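Note sheet for the following structure.
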């Protein structure tokens, strides 16, 4: 017997029903099995769900509060536990076109990276960089996609620090950084990237490269 369409796939279909400029959405998940419905309700806890008959209803937001990436992670857990159900988009809110101030399109992460490299001295050798994400919902997926950069979490901001070495030493190559940022762009993960510190023409002797210090700590 063929299994029902996964909840993650149903979410993709629901996303296509969201209007441009959407700010919030109300969804429902109908689960026939009462015991599995209770389990789904527990897993959906971060979204503040409520029960209406055999349905679980909850909301997601585009910027403030839990968003689609949080819901996607929860639905993956439900799919892994083979909890079948029907996901539906009930309503959505959107900013009216005349309420949105025109603005320049934001560059992709790859474009921002290329621009950052283009402004460096020709003999740069080592970089200390920052990747700032637009939402904390992106953290888990972004950490996976940028794993070759050895990303390091910092403070409460949603993002990572990473190092780049041009030809040798500790840090990813600029080409690998470019590829990892391209993966983020391809996955719809938005944010910004910038170079915090740069060293030029370093020549390590018996070491893997320069040691960076900030506030008395090795970075």
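The values are calculated or read from the model by the stated rules, or taken from the named source; none is laboratory data. Since the model is a prediction, treat every value here as computed from it, not as a measurement. Note that we place each Cβ from the backbone using ideal geometry, even for glycine, and neighbour counts take in every protein chain shown.
Before moving on, here are some points about what is shown:
- Only one entry in 84, 114 is at pLDDT 90 or above and either assigned to a strand (DSSP E or B) or closer than 26 Å to residue 184 by Cβ (or both), namely 114.
- The residue that is nearest to the chain's Cα centre (by Cα), counting only those in region 44-65 that are in a strand (DSSP E or B) and exposed (fewer than 15 other Cβ atoms within 10 Å of the Cβ), is 50.
- Candidates 68, 78, 41 - the one that is at pLDDT 90 or above and crowded, with 17+ Cβ neighbours inside 10 Å: 78
- All told, residue 26 meets the bar of being part of a strand (DSSP E or B), surrounded by 13 or more Cβ atoms within 10 Å (Cβ to Cβ), touching a strand residue (DSSP E or B) at 6+ places or on another chain (Cβ under 9 Å) and on the phi < 0 side of the Ramachandran plot.
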